[in-house]
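Undergrad: Submitted below is the structure of interest, expressed as structure tokens.
Only the coordinates and a few stated rules stand behind these numbers; no lab work does. Just so we're clear, the structure is a prediction, and the values are computed from it rather than from any experiment. Note: ideal-geometry Cβ built from the backbone for every residue, glycine included; neighbour counts use all protein chains shown.
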Amino acid sequence: MIQKKDMEVAPRDIISRNIMREIMAGGGFNNSYVHLDLRHLGEKKIAQRLPGIRDICLEFTGVDPVADLIPIQPGQHYTMGGIDCNTEGETAVKGFYAAGEAACVSVHGANRLGGNSLLDTIVFGAIAGGNAAKYVQGLEGKKGEGSLREALKRAEQKIDALGKSGENEIQADIKVALNKVMDSKVGIFREASHLKEAANDIKILQERYKRIRLNYTGRRANLSLVWALELKGSLDVAAAIVAGALAREESRGSHFRTDFPKRDDMVWLKHTLAYFTPDGVRLDYKPVNIGPFEPKERKY
Ligand SMILES: Cc1cc2nc3c(=O)[nH]c(=O)nc-3n(C[C@H](O)[C@H](O)[C@H](O)COP(=O)(O)OP(=O)(O)OC[C@H]3O[C@@H](n4cnc5c(N)ncnc54)[C@H](O)[C@@H]3O)c2cc1C
């Protein structure tokens with residue numbers, strides 16, 4: 001439970017859960033949102049300290065937080081995991097570097113602190129970019145060109161196959177269905193039965209994806225193709241998230257299991273690694289690199 005003294009420094013996972021509890025208990029509006037009240041700050045302070053927030057409110061909803069209440073609900077806005085890499089941006093695949101939100105340098109744990117995605121982008125992004133450039137410069141002669149050509153061929157074959165599909169599954173339908181599954185069964189509150197259902201739902205969607213048909217097959221500025229390729233990635237990532245969440249029988253940061261509400265450092269102080277295999281997700285784990293501060297349970 002959030003204490004009054006925590007106010008705006010209370011972590012967002014706890015705030016999100018409390019907002020959802022309020023909505024689920026019938027205390028929200030239209031069964032979907034609550035109000036955020038900034039009016040006590042006054043116009044001068046809002047203009048000085050929160051001009052961006054005020055702009056967003058005015059632009060998207062026409063609400064002026066100086067005088068009105070802001071309708072809010074929790075939303076997914078950051079991926080704490082990502083492509084496993086070290087502090088140099090190197091991944092398990094030689095010559096493949098990961099940077100930014102897509103990468104997982106493992107600095108955030110199970111709940112990124114506000115503002116800290118700058119670490120991913122500016123600090124580790126710069127390191128990974130520099131290292132990738134050095135790696136490419138270090139390749140002797142035409143070494144590596146063969147494998148690049150091979151990868152390009154495989155990508156082209158994949159795209160050709162998508163364009164030629166005579167079947168009739170629509171990308172947007174599968175995307176909407178995936179959103180619904182992830183939102184309702186793998187969201188702020190998780191439990192084994194819903195996660196199992198989600199794993200099954202995703203398998204069905206992956207099967208449907210095999211029968212996808214592009215609306216447009218031209219090679220220039222083809223958004224239909226881009227969205228279809230992205231959807232394949234989203235389905236695979238969703239399967240990995242569900243497998244990891246189902247296995248992790250504890251609650252930590254933004255991963256909250258109603259059937260295992262306590263954090264369990266004895267068993268679960270470890271990173272989840274998810275591998276793609278033709279038969280589905282394979283999970284593995286690696287130890288957490290503990291810095292000078294011993295991990296402690298959050299007591300709010
Ligand atoms: C609403 C919201 C508020 C946020 N607030 C904060 C905050 O206050 N402080 C903070 O630190 N962080 C915040 N974040 C998180 C932060 O904005 C992101 O983590 C950060 O911008 C990620 O940067 P990135 O360059 O790694 O990825 P992105 O900015 O997502 O850039 C990835 C780019 O790759 C492109 N792309 C994707 N697929 C392909 C492809 N196949 N081929 C070519 N291009 C491709 C995309 O179009 C995109 O331009 C917020 C995020 C959201 C959504």
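Undergrad: Relative to the first principal axis of the alpha-carbon coordinates of the chain, what is the inclination of helix 12-24, with its axis defined by its Cα atoms, in degrees from 0 to 90 and to the nearest 10?
TA: 70 degrees
Undergrad: Can you give the local net charge around residue 217? Use residues other than it whose beta-carbon is closer than 10 angstrom to its beta-carbon, Lys and Arg +1, Asp and Glu -1.
TA: Result for the neighbourhood of residue 217: +2.
Undergrad: Where a Cα-Cα gap under 19 Å defines reach, which aspartates and glutamates qualify for residue 296, not counting those fewer than 8 residues away within the same chain?
TA: Cα-Cα hits under 19 Å: 6, 13, 249, 250, 264, 265.
Undergrad: Could you list 24, 80, 182 so that the one with the fewest beta carbons within 10 Å of its beta carbon is first and the one with the most is last?
TA: 24, 80, 182
Undergrad: Sticking with this structure for a sec: Between 0 and 90 degrees, rounded to the nearest ten: what's the tilt of helix 51-61 against the longest Cα principal axis of the chain?
TA: Relative to the chain, helix 51-61 is tipped by roughly 80 degrees.
Undergrad: Ignoring GluC sites (Glu not before Pro) that are buried or in helix or strand per DSSP, and keeping those with at most 11 other beta carbon atoms within 10 Å, what is the longest stretch of the chain between them?
TA: 1-139
Undergrad: Output the antiparallel fraction of DSSP beta bridges having both residues in the chain, as a percent to the nearest 5. Could you put the intermediate results ahead of the total?
TA: Values: 15 of 19 bridges.
Beta bridges within the chain, antiparallel portion: roughly 80 percent.
Undergrad: Starting from the Cα of residue 219, step 7 Å along the direction of its Cβ; do the same at residue 76; then give the gap between the two resulting points in nm.
TA: Computed distance between label sites residue 219 and residue 76 equals 3.4 nm.
Undergrad: I've got another one for you. Rounded if a/c is under 1.5, else prolate if a/b is larger than b/c, else oblate: which is the range 139-180, with a ≥ b ≥ c the root eigenvalues of its Cα gyration tensor?
TA: Numbers: a/c = 8.17, a/b = 2.38, b/c = 3.44.
Taking the square roots of the gyration eigenvalues as a ≥ b ≥ c, the range 139-180 is oblate.
Undergrad: If you put +1 on each Lys and Arg Cβ and -1 on each Asp and Glu Cβ, how big is the dipole of the range 48-126 around its Cα centre, in Debye rounded to 20?
TA: Working: 4 positive and 9 negative charges, 26 e Å.
Computed charge dipole of the range 48-126: roughly 120 debye.
Undergrad: List the trypsin sites (Lys or Arg not before Pro) in the range 165-243 that DSSP assigns to loop (not H, G, I, E or B) and whose Cβ has at most 11 other Cβ atoms within 10 Å. Which are they?
TA: Those that pass, being in a loop and sparsely packed, are 210, 219, 220.
Undergrad: For the chain, with only Lys/Arg (+1) and Asp/Glu (-1) charged at the beta-carbon, what is the dipole magnitude about the Cα centre, in debye rounded to 20?
TA: Dipole size: approximately 260 debye.
Undergrad: Identify the trypsin sites (Lys or Arg not before Pro) of the range 96-153 meeting these criteria: DSSP loop state and at most 13 other C-beta atoms within 10 Å of the C-beta.
TA: Those that pass, being in a loop and sparsely packed, are 142, 143.
Undergrad: Quick check for me: using +1 on Lys/Arg Cβ and -1 on Asp/Glu Cβ, what's the dipole size of the range 192-300 about its Cα centre, in debye to the nearest 20?
TA: The calculated dipole for the range 192-300 is roughly 440 debye.
Undergrad: Report the residue, chosen from 131, 30, 200, that carries the largest GNM mean-square fluctuation when the chain is represented by alpha-carbon nodes joined by springs under 10 Å.
TA: 30
Undergrad: Related question: Checking the cross-link filter: which lysines have an alpha carbon closer than 25 Å to that of residue 44, excluding same-chain neighbours under 8 positions apart?
TA: 4, 5
Undergrad: Also, I was wondering about something else. Between residue 230 and residue 33, how high is the FRET efficiency from 1/(1 + (r/R0)^6) when r is the Cβ-Cβ distance and R₀ = 41 Å? Nearest 0.05. List each step's numbers first, then the result.
TA: Details: r = 28 Å, r/R0 = 0.68.
E between residue 230 and residue 33, to the nearest 0.05, is 0.90.
Undergrad: Separate question: Among 26, 11, 63, which residue has its Cα positioned farthest towards the positive end of the charge dipole of the range 7-72, with +1 placed on the Cβ of Lys and Arg, -1 on the Cβ of Asp and Glu, and the dipole taken about the Cα centre?
TA: Positive-most Cα among the choices belongs to 11.
Undergrad: Ok, one more. Would you mind telling me the antiparallel percentage of the DSSP bridges in the range 143-300, rounded to 5?
TA: The antiparallel fraction comes to roughly 85 percent.
Undergrad: Moving on. Which of the pairs 164/185; 185/210; 94/196; 153/232 have their Cα atoms more than 25 Å apart in this structure?
TA: Details: 164/185 34 Å; 185/210 23 Å; 94/196 35 Å; 153/232 18 Å.
Correct reply: 164/185; 94/196.
Undergrad: Hey, what number do you get for the chain at 222 nm if only DSSP H runs of n ≥ 4 count, each worth -39500 (n - 2.57), divided across all residues, to the nearest 500?
TA: Rounded to the nearest 500, the figure is -14000 deg cm²/dmol.
Undergrad: May I ask for the angle, rounded to the nearest 10°, between helix 223-247 and the longest principal axis of the chain, with both axes built from Cα atoms and the value confined to 0 to 90°?
TA: 70 degrees
Undergrad: Write down Rg/Rh for the chain, rounded to two decimals, with Rg from the C-alpha atoms and Rh from the Kirkwood relation over Cα pairs.
TA: 0.99
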